[in-house]
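Following: one structure in structure tokens, then a few remarks.
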Amino acid sequence: MTQITFVRHGQTDWNLHRRIQGTTDIPLNDTGRDQARRAGEELAGGEWDAILSSRLGRAHETAEIIAEQVGLSTPSILDGLQERAHGDMEGMTFDERQAAFPGDTVVPGLETRDAVIARVLAALDGSEHVTNDTRILAVSHGGVIGSLIRYATGGEQPTAGQVIANGSYHDFSWSAGALTLVTLRAIEADKDLPPVRLPQR
């Protein structure tokens, strides 16, 4: 069995202004760097064998900050951990998205959640770092982590109103190609800022 702790990258300006990022490569802001350092300090109490990262800059910089805190070398980029592609709605605020693509309107270029899960599982299965009895940190994105949590719990978590916060981390076990959620550290959404609902498929 492998323990994999998925970490969401720190905040970016697009996160702050609630713009849909997807695969658009937006850098961390100073708050995001502080969140990464805080996550690293909390994770430093564990023994880790490797740290993996999405190829997107906001995740990789988060991973570099965490690696320094926990005493690991440069993070290894693992293709497959990048954020869900949101196609033509990337860069939009959520209000703009709803105006441009109301209801169940098809969004050109939007990646399905099933496709996200398939590529992440394939990436883990093919990684030289994911072997028996290892403890791995994997820095990724809110859409990816949320999709994996839904997959591992049959859609029961995260519950309505919970969010995968920037800088948060969540524990999974990986055995024989099966992913199991061990610890979810989602938080309740700001009462003045309702949780964002993006297309499920």
Number of the exception - residue 62 against (1) hydroxyl-bearing (Ser, Thr, Tyr); (2) part of a helix (DSSP H, G or I); (3) more than 17 Å from residue 145 (Cβ to Cβ): (3)
Residue hits (the range 104-134; more than 30 Å from residue 2 (Cα to Cα) and open to solvent by 50 Å² or more (accessible area, probe 1.4 Å)) are 104, 105, 106, 108, 109
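Got at least one residue in the range 185-201 being open to solvent by less than 60 Å² (accessible area, probe 1.4 Å), modelled with pLDDT under 95 and in a strand (DSSP E or B)? Spell out how you get there, then give the answer.
The initial filter retains those residues of the range 185-201 that are open to solvent by less than 60 Å² (accessible area, probe 1.4 Å), namely 186, 189, 195-196, 198-199.
Keeping just the survivors that are modelled with pLDDT under 95 gives 186, 189, 195-196, 198-199.
Going one step further and asking which of them are in a strand (DSSP E or B), we end up with none.
No, the range 185-201 contains no residue that is open to solvent by less than 60 Å² (accessible area, probe 1.4 Å), modelled with pLDDT under 95 and in a strand (DSSP E or B).
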Scan 134, 112, 159 and give me the residue that is over 27 Å from residue 13 (Cβ atoms) and touching a strand residue (DSSP E or B) at 6+ places or on another chain (Cβ under 7 Å). 134
Residue 58: among the charged types (D, E, K, R) and either open to solvent by less than 40 Å² (accessible area, probe 1.4 Å) or modelled with pLDDT under 95 (or both), yes or no? yes
Among the residues of the range 159-182, write down those that are at pLDDT 95 or above and either surrounded by fewer than 12 Cβ atoms within 10 Å (Cβ to Cβ) or part of a strand (DSSP E or B) (or both). 169, 170, 171, 172, 173, 174, 179, 180, 181, 182
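Can you name the residue in the range 135-158 that is among the polar types (S, T, N, Q) and under 24 Å from residue 21 (Cβ atoms) and, of all such residues, is most open to solvent (accessible area, probe 1.4 Å)? Even if it seems obvious, please write down each step before you answer.
Narrowing the range 135-158 to residues among the polar types (S, T, N, Q): 140, 147, 153, 157.
Going one step further and asking which of them are under 24 Å from residue 21 (Cβ atoms), we end up with 140, 147, 157.
On the way: 140: 0, 147: 2, 157: 67 Å².
Of everything passing the filter in the range 135-158, 157 is most open to solvent (accessible area, probe 1.4 Å).
Could you identify the single residue in 10, 22, 40 that is out of contact with any Pro (no Cβ under 7 Å at 6 or more places or on another chain), in a helix (DSSP H, G or I) and open to solvent by less than 10 Å² (accessible area, probe 1.4 Å)?
Numbers: 10 fails: in a helix (DSSP H, G or I); 22 fails: in a helix (DSSP H, G or I).
Just one listed residue meets the conditions, 40.
The values are calculated or read from the model by the stated rules, or taken from the named source; none is laboratory data. If you're wondering where the values come from, they're calculated on a predicted model, not measured in any experiment. Every residue, glycine as well, gets a Cβ built from its backbone with ideal geometry; the counts of neighbours run over all protein chains shown. These accessible areas exclude ligands, DNA and RNA; they are computed on the full protein's heavy atoms, side chains included. Shrake-Rupley method; radii C 1.70, N 1.55, O 1.52, S 1.80 Å.
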